[in-house]
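Reading through the structure tokens given below for one structure.
The values are calculated or read from the model by the stated rules, or taken from the named source; none is laboratory data. Note that this is a predicted model, so its numbers are computed, not measured. Don't worry about glycine lacking a Cβ; one is built from the backbone with ideal geometry, like all the others, and counts go over all protein chains shown.
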Amino acid sequence: SQELEQSPQSLIVQEGKNLTINCTSSKTLYGLYWYKQKYGEGLIFLMMLQKGGEEKSHEKITAKLDEKKQQSSLHITASQPSHAGIYLCGAVGRAGNNRKLIWGLGTSLAVNP
Amino acid sequence: EPEVTQTPSHQVTQMGQEVILRCVPISNHLYFYWYRQILGQKVEFLVSFYNNEISEKSEIFDDQFSVERPDGSNFTLKIRSTKLEDSAMYFCASNAGGSKSDTQYFGPGTRLTVL
């Protein structure tokens, strides 16, 4: 079965610093999703990547998909306390639409003011 | 902005009792999902539902679980006889369907505690 590994598991940064979170799949990726979760709350959709080399940005968050490496990275520029939370990657493990998502364990981010 | 809603936000029940978790997906969405997250573990897929039937289910989704869309707006997850290990956060999600609309939008979750 497909597994997603996220690194690092947790991260503490000073406000204003840049950071990167990685998500690596054990098998072919057919779609990669990034969500943010505040502790004990729901999952907020950030971005979806489907094609190798694809890169998307939303405000100060950029995500890239490296299809060959079966990996995605999430980069936050000039982090702010509002970026704190748990970042989860989810992947579609096989072709077809509207498939289930499998998930990484998450990366917990704290941003110190 | 449309959103997925879930009730209750927290449910406490005794082992062996039946619980029903409720979800209202985004209007006009066609695909519905339930996931769960046991504390400290990964989010796990339970079941997907389309066109009034289950389209996919995981090994977790055994005979103790059932889903229903009783009307045009609600989507429910029933656990017939709860076990201690069913304690988790349960998330409902929906997506619009179609190749360009694969994004699943999640509700805030229901925290189920089985005593």
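Quick notes on this one:
- Being within 30 Å of A:S10 (Cα to Cα) and either surrounded by 16 or more Cβ atoms within 10 Å (Cβ to Cβ) or out of contact with any helix residue (DSSP H, G or I) (no Cβ under 7 Å at 6 or more places or on another chain) (or both) is true of B:Q37.
- Considering only residues in region A:72-106 that are facing chain B (nearest Cβ under 9 Å) and among the charged types (D, E, K, R), the one that is surrounded by the fewest Cβ atoms within 10 Å (Cβ to Cβ) turns out to be A:R99.
- Against the list (1) surrounded by 18 or more Cβ atoms within 10 Å (Cβ to Cβ); (2) of a type outside the set (A, V, I, L, M); (3) within 14 Å of chain B (Cβ to nearest Cβ); (4) free of Cβ contacts under 8 Å to residues at least 60 places away in the same chain, the condition A:G40 fails is (1).
- Count of region A:10-33 residues, restricted to those that are out of contact with any strand residue (DSSP E or B) (no Cβ under 7 Å at 6 or more places or on another chain) and closer than 21 Å to A:K100 by Cα, is 4.
- The set of residues in region B:16-30 that are surrounded by fewer than 17 Cβ atoms within 10 Å (Cβ to Cβ), assigned to a loop (DSSP other than H, G, I, E, B) and within 16 Å of the chain's Cα centre (by Cα) comprises B:E18, B:L30.
- Single residue of region B:48-80 satisfying the filter (among the small types (G, A, S) and under 13 Å from the mean Cα position of the chain (by Cα)) that is farthest from the other protein chains (Cβ to nearest Cβ): B:S66
- The residue of region B:65-80 that is nearest to B:S27 (Cα to Cα), among those that are in contact with a Lys or Arg (Cβ under 7 Å, 6 or more places away or on another chain) and touching a residue at least 40 places away in the same chain (Cβ under 8 Å), is B:N74.
- Count of region B:1-47 residues, restricted to those that are at the interface with chain A (Cβ under 9 Å from one of its Cβ atoms), closer than 16 Å to A:G90 by Cβ and not aliphatic (A, V, I, L, M), is 8.
- Which numbered condition B:G16 fails, given (1) at pLDDT 95 or above; (2) touching a strand residue (DSSP E or B) at 6+ places or on another chain (Cβ under 8 Å): (2)
- Among the residues making up region B:81-115, those that are touching a residue at least 60 places away in the same chain (Cβ under 8 Å), away from chain A (no Cβ under 14 Å) and surrounded by 14 or more Cβ atoms within 10 Å (Cβ to Cβ) are B:T82, B:V114.
- Count - residues of region A:10-30 that are part of a loop (DSSP other than H, G, I, E, B) and either more than 28 Å from B:E59 (Cβ to Cβ) or within 12 Å of the chain's Cα centre (by Cα) (or both): 4
- Total residues in region A:64-96, condition aliphatic (A, V, I, L, M), over 13 Å from A:T107 (Cβ atoms) and assigned to a loop (DSSP other than H, G, I, E, B): 3
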